[in-house]
1. Treating the angle as unsigned and between 0 and 90°, give the value, to the nearest 10°, between the Cα long axis of helix 199-209 and the longest Cα principal axis of the chain.
2. How are the alpha carbon pair distances in segment 49-137 distributed across 10 Å bins from zero to the largest one, expressed in percent?
3. With a ≥ b ≥ c the root eigenvalues of the C-alpha gyration tensor of segment 110-216, is it rounded (a/c under 1.5), prolate (a/b larger than b/c) or oblate?
4. Using a probe of 1.4 angstrom, how much of the accessible area of the chain is carbon and sulfur, in percent?
5. Across 5 Å bins from the origin, how do the percents of Cα pairs in segment 174-268 run, short distances first?
6. For the chain, modelled as a GNM with alpha-carbon contacts under 10 angstrom, which of LEU123, LEU21, LEU183 fluctuates the most?
7. Count the lysine pairs in the chain that are 8 or more places apart or on different chains: how many have C-alpha atoms under 26 angstrom apart?
8. Grab the Cα-Cα distance for GLU27 and VAL92, subtract it from 0.36 nm times how many residues apart they are, and report the gain in nm with one decimal.
Amino acid sequence: MSVETAPSRAQLIRIETDRRLGHEWDEWDGKPLPGAGDFSAPPGLFFRFAAVTIAAVMAVAAAAIFLLAPRFADVWPGLPHALWLALAATAVISWLWFGMLVLSFYGRVRLLPEAWLERGPYLRLMSLTSYVARAFGKRDWVEHAAIDVYNALAERRQRTVGRGELLVLIPRCLSKEALDGVLAIAGRYEVPVFVATRGQLARRVIRERRPRAVVAVACERDMTTGLRDVAGKLPVLGLTMRLPNGPCRDAMLDLDLMERWVKGWVGS
Ligand code: SF4
C-alpha cells in the first residue's frame, strides 16, 4: 500500500492497479455495452422485480412444504400445519414491509428506522432481486434502480460526520477525467480517497480505517455486492458509473452528485 500526497489535492492511498476484468464481468463477450454502458433505470423497475422476487420466494417455499408434507408429518403430525401457518405469517409481514418500503420511497416519509429498511432487509431483497433480474437479462438496470432507491432512502437520514470520519472509495477503472474530479472534490472537503481493485480490498480498508461513513463508487454489479456486505454495518452512499468503453476501464461518474453527498456528510 502506498500513500501519495499533493499540497492542494486529497490524500490518495492506492492499493493495487491492474486492468483485469472484475470477476462480476467474467462472462462479458467484448461487445460494447448497451446504452454505451449507462444502465440508468427508473425506481419502478426495481419495485416490479422485487415484487416478483418476493412472490417467487413464497411460491418456492409453498411448493417445498407441499411436496415434503408427508415427510414432515413423519417427524411430527402437526408440523406441516405449523409450517403453513409460519409461511402465511411470513408472507403477510413481507408484503406489509414491502408496502412500507414503497410508501417510504414515494411518500418521502421515514416509516421505519434504517436498520429495518435500507440498512436491513432491503439489502437482502436487493441481492435476491438481482438474481431474478439476471434470469430476464435485466441485471444491470434493475441493480441500478435498486441502488438509486437505496441512496434516496439513505440520503434522507441526513447524517453528518467529521471530515476525518468519511472515506471515499473508488475502483481502479475510473477515467483520468473522473479520477481528477474525485480528487478535486476530496481535496476541497479534506477526505481521504482509496483506490481498491476488489470488493475484498475495499472491505479491508474499511476494517483498518474504521470510518463512520463511506461514499463508494463502483459499477452496479460491484456496488450491489459491496452494499450487501458493508451497508448493514456502516452508512454508505453508492455512486454508480457509466462504462462507455466496456467494463473495468475509462469509467465516468456524476461528479456533481458525488460533491453533493460529500458536502452533505461533512458540511461545507
Ligand atoms: S467497479 Fe470497475 S473495475 Fe470493478 S468490476 Fe466494476 S467496472 Fe470492473
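The values are calculated or read from the model by the stated rules, or taken from the named source; none is laboratory data. Small disclaimer: the values here were computed from a predicted structure and weren't measured. Cβ coordinates were reconstructed from backbone atoms using ideal geometry, including for glycine residues, and neighbour counts include every protein chain displayed. All accessible areas refer to the heavy atoms of the entire protein, side chains included, with ligands and DNA or RNA removed. Shrake-Rupley method; radii C 1.70, N 1.55, O 1.52, S 1.80 Å.
1. Helix 199-209 and the main axis of the chain meet at about 70 degrees.
2. Final binned percentages: 15, 37, 29, 16, 3.
3. The shape class here is oblate.
4. Reported share for carbon and sulfur atoms: 60 percent.
5. 3, 13, 25, 26, 22, 10, 2, 0
6. Residue with maximal mean-square fluctuation among LEU123, LEU21, LEU183: LEU21.
7. Summing the qualifying lysine pairs gives 4.
8. Full extension of this stretch gives 19.6 nm more.
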